[in-house]
1. Exactly one condition in (1) part of a helix (DSSP H, G or I); (2) over 17 Å from ASP36 (Cα atoms) is not met by HIS82; state its number.
2. Among the numbered criteria (1) within 37 Å of the chain's Cα centre (by Cα); (2) exposed (fewer than 13 other Cβ atoms within 10 Å of the Cβ), which single criterion is violated by LEU32?
3. Which of the numbered conditions does GLY157 fail, given that it passes all the others? Conditions: (1) of a type outside the set (A, V, I, L, M); (2) assigned to a helix (DSSP H, G or I); (3) at pLDDT 90 or above; (4) crowded, with 17+ Cβ neighbours inside 10 Å.
4. Where the second residue is among the polar types (S, T, N, Q) and surrounded by fewer than 17 Cβ atoms within 10 Å (Cβ to Cβ) and the first is in the same structural domain as ARG92 (by TED's automatic domain parsing) and lies in the range 1-25, which pairs have Cβ atoms under 9 Å and are six or more apart or on separate chains?
5. Take the conditions surrounded by 16 or more Cβ atoms within 10 Å (Cβ to Cβ) and under 27 Å from TRP134 (Cα atoms) and apply them to GLU80. Does it pass?
6. Restrict the check to the range 71-86 and report whether at least one residue is in contact with an Asp or Glu (Cβ under 9 Å, 6 or more places away or on another chain) and closer than 19 Å to GLY152 by Cβ.
7. State which residue is modelled with the lowest pLDDT when the search covers only the range 314-356 and only residues that are among the charged types (D, E, K, R) and surrounded by fewer than 19 Cβ atoms within 10 Å (Cβ to Cβ).
8. Might you let me know whether the range 99-118 holds any residue that is part of a loop (DSSP other than H, G, I, E, B), under 30 Å from GLU182 (Cα atoms) and small (Gly, Ala, Ser)?
Amino acid sequence: MHFRLLGVVTAHVDGRLVRIGEPKRMLFLAVLLLADGRPVPKDTLIDRLWEHNPPATAQARLRNIATEVRARLETAEPGEGHLLPPGEGGYRMRVARERVDLWRFRESCSQAARLAERAPVKALHHIRAGLNEWTETSIHTAEPEPLHRLEGGWIAGVRVGLQQEYRRALTQCARLELRLGEPNQALTRLETLIKLDPCDEDVAELLMNAYCLVGRIPDALQVFRELRKELKELGDEPGPALTKLNQRVIDGDPALRWDMSDQPTATIEEPLTNLGSTSYDKAAETLARSAAQLVVATARDGSVERAGVPGGDLVRFLRNEFDGDDRATATLTRVLSSPGDLDAVRQLCETLVVSLRADQSFRQGVERLVDDGPALAKGGIFAEKVRNAAVYNGKVVINRGGFRIGG
């Protein structure tokens, strides 16, 4: 049996809804689940169920509510009534944390925080898993509502706290997506967040950066204008960091832009490294060049996040393989954000060569994804033909139009 708190409070058995009944029973269940296995005294339960106006029969009614909830759990799944054992001084729910969406959400957020610096791809996986715990009716509204429809001052305070946790997780997710070259994914989350709190300067800064990365400069400037308007009404002004960012956008700072066709073309015209003369070494170098070209082309046409696109699949494969390797991850991210940066593309090629030589399964994965990619030159040269070409150390040019070997 599993329980939900991040939306309507419910219990489920194999996907089937367990009908708990009236709101007081749902509130009783929520209070116990929020206690995370700790006993809740009867006086506390009475206060949270009826606040400052408990009925004279509150003790008896509390006992009846506990009996009814226990019976509903037992009926839904025989043996599960033990999750709510009879209590003397109070009640508690003996439920494993992994059975409650709230605790799964918090565990995912904790994992993401621990991994954010050294393994950002894994961190992003965890934070997305955590956000997926929020029910659909909740996550797509302007303001998520955990503990939905439950009333009372205490539960309202808990709800606000959970909403703040949700916002922090959404912000962390967007931050990781920007770091890993997924600005369009981040935009959706940041646009939601700025609606929830139009005066949040941290979110505004991330949103402005995301708009710049996808070339939506007017939208980035509009974010600053709207935030400044909101703050002025409160007698305040944007902080120096956001003001400086706004000026950089106005000045057209190229460091804020996702590199497009107006940026210099990355051209590799000499052997990347001294790899020796064996055919395997040469093949690894050529395959690395092919993979790097596909990454560059994917970054330029904005298809990094599109499922089923060979270049996008290759980028996702490399992110997973490089996870835990800060240097490799940073190099890939740099190419995705600045595909015209020759030094970054060269470094990615050299990183790929090392991995291709050391790990046969990695090489096979890259080969498969590069082979699925588009023609590498105007004449229709595919990755397999490039690898089999006689010219391994010739001039190799990577540009928006394709991949050329020789003069």
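The values are calculated or read from the model by the stated rules, or taken from the named source; none is laboratory data. Here the structure is a predicted model, which is why all the values come from computation and not from measurement. Glycine gets a Cβ as well: all are built from the backbone with ideal geometry, and neighbour counts include every protein chain shown.
1. (2)
2. Unmet for LEU32, out of (1) within 37 Å of the chain's Cα centre (by Cα); (2) exposed (fewer than 13 other Cβ atoms within 10 Å of the Cβ): (2).
3. The one condition GLY157 does not meet is (4).
4. Short answer, once both residue conditions are applied: GLY7/THR137; VAL8/THR137; VAL18/THR75.
5. yes
6. no
7. Selected residue: ASP341.
8. Yes, that holds for at least one residue.
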